[in-house]
1. Beyond 19 Å between alpha-carbons counts as too far, so tell me which of Lys155/Lys186; Lys35/Lys319; Lys74/Lys138 fall in that bin.
2. Evaluated at 25 °C with a viscosity of 0.890 mPa s, what Stokes-Einstein diffusion coefficient in µm²/s does region 203-324 have when Rh comes from the Kirkwood expression over alpha-carbon pairs?
3. If neighbour count is taken as other Cβ atoms inside 10 Å, put Met321, Met250 in order from fewest to most.
4. Multiply the residue gap between Leu101 and Leu347 by 0.36 nm, knock off their C-alpha separation, and tell me the result in nm, one decimal place.
5. Please give the Cα centre distance for region 75-108 versus region 188-217, rounded to the nearest Å.
6. Within region 380-394, name every residue whose backbone N is under 11 Å away from a label modeled 7 Å from Cα of Asp328 along the Cβ vector.
7. When only alpha-carbon atoms are used, what values of Rg and Dmax, in angstrom, describe region 271-410?
8. Which trypsin sites (Lys or Arg not before Pro) in region 119-216 sit in a loop by DSSP (not H, G, I, E or B) and have at most 16 other Cβ atoms within 10 Å of their own Cβ?
Amino acid sequence: MNKEWRTTGDVRRTTKGFCSVEFFKNPNIDFLGKKWYFIAFSLIFSVAGVISLIVHRGPNWGIEFRGGTLVYVKYTHTPSLDALRSELDRVGIHNARLQTLGRAGSNQVLVDLPQETTTEAALENPRDQIVAALTTNKVPNKQDLNNASVLAVSKYLLDNDPLHLATDAQKRYSDIAQSITDFRDKSRGGLFSSFNDLNGVADPAVVASLQNGFFLSDFGVYNTVIVGPQVGAQLRGQALRATLYSLLGMLIYLAVRFEWIYGVAAVITVFHDTLITVGAFSLTDKPISLTVIAAILTLIGYSNNDTIVVFDRIRENLKLMRREKLSDIVNRSINQTLSRTILTAGLTFLTVLALYLFGGEVLHGFSFALVIGILIGTYSSIAIAAPILVAYQDWRSNRSTPGFAGQGGTKVPQSGSGRREKAKARA
């Protein structure tokens, strides 16, 4: 039997040698007494998110969900987004979203072309369209080496044959072209600032020949992503169904494990968390990508787990304190689990905060959703889920229908196993 025998400071020891750290010692906070402050806080952020979603006509879907084209560009200098937008408008690419990427000084720009504003030609070959639009120092009858493909460089060398090769010319020049583009993309960050950068990489005769047929622009396109509208719509539907199925699964599990009102309270709580998280993305104009959906599904499980811990302690206390008011039982249960909640949520929050600050651009949306979601999920387990149980009990009491623990011996709700044990006792 795991009998408690000594408490020293905030570390509780047991006869089996286990110990549990308590962040608070015997807290007695009246959480339910502050429920209207919690409701006001939740309403402010929920309504703000909903208004933002209405104004923006829905979430700012990432390219995976809405379709379109993403072109990643790197410059040799800090580019002017207004100048880039003017160049795109000049060639008929309108309403493009431009965003700087990476750290200051990385000179990277993301060109986001929405599906409905992208010309058919741009969708067929967006890279060439963007390169043509952004090239301001084009030299007639010359190609741009910073945006040339391996095939283009190999073909030029094969046609001009600067090394005067014999039968194996095609393979040799293909290898040389591959080494040049690999050096450009892997060692030079995708850009040559001068033809002198090729010294030691290619034969001087090859470098001289390239100078005759190529010029160097001040940018390079290093990645292009294209998603069609049908794929985007399909992914949106799958993401929505995944979220709804997870909520339904939680409702069924909690209805069987506890009582149906517990499941309803948990689903309302998770919906509250999801709404505020999505609203935060809308307010900050951050796109919702596949990684963000994965983060939201993770938060649904995290918030539900935190809520179940509180519910389980409420269920245990209901059996021990049958004659006390449900509000007092809920308050005591929240206070008893408060140390566990703060320690677990705090450590998790520090981890995702580090991911948000140092994880880089690729993980920015994912980590932002986790930072917001963990804060809101921890808060809602205390401020939203538990008050729903008390509100339901008050509603039942007003209708004079016993259902939850209350003053004067009101019936205590039973879990699934509790109901079975009670039925056996009657039999």
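Each value in this text was obtained by applying a stated rule to the coordinates, not by laboratory testing. This one's a predicted model, so the numbers in the text were calculated from it and none came from an experiment. Here Cβ is always computed from backbone atoms with ideal geometry, including for glycine, and neighbour counts include all displayed protein chains.
1. Values: Lys155/Lys186 22 Å; Lys35/Lys319 25 Å; Lys74/Lys138 17 Å.
Going by Cα-Cα distance, Lys155/Lys186; Lys35/Lys319 fall outside the 19 Å limit.
2. Working: Rh = 18.9 Å.
Rounded, D is 130 µm²/s.
3. On the way: Met321 16, Met250 21.
Fewest-to-most ranking of Met321, Met250: Met321, Met250.
4. Values: separation 246, 0.36 × 246 = 88.56 nm, distance 2.92 nm.
Answer, rounded to one decimal: 85.6 nm.
5. If you average the Cα positions of each part, the centres end up 25 Å apart.
6. Within reach of a label on Asp328: no residues.
7. So, for region 271-410, Rg and Dmax equal 18.1, 59 Å respectively.
8. Working: sites: Arg127, Lys138, Lys142, Lys155, Lys171, Arg172, Arg184, Lys186, Arg188; in loops: Lys138, Lys142, Arg188.
When the trypsin sites (Lys or Arg not before Pro) of region 119-216 are filtered for loop state and at most 16 Cβ neighbours within 10 Å, Lys138, Lys142, Arg188 remain.
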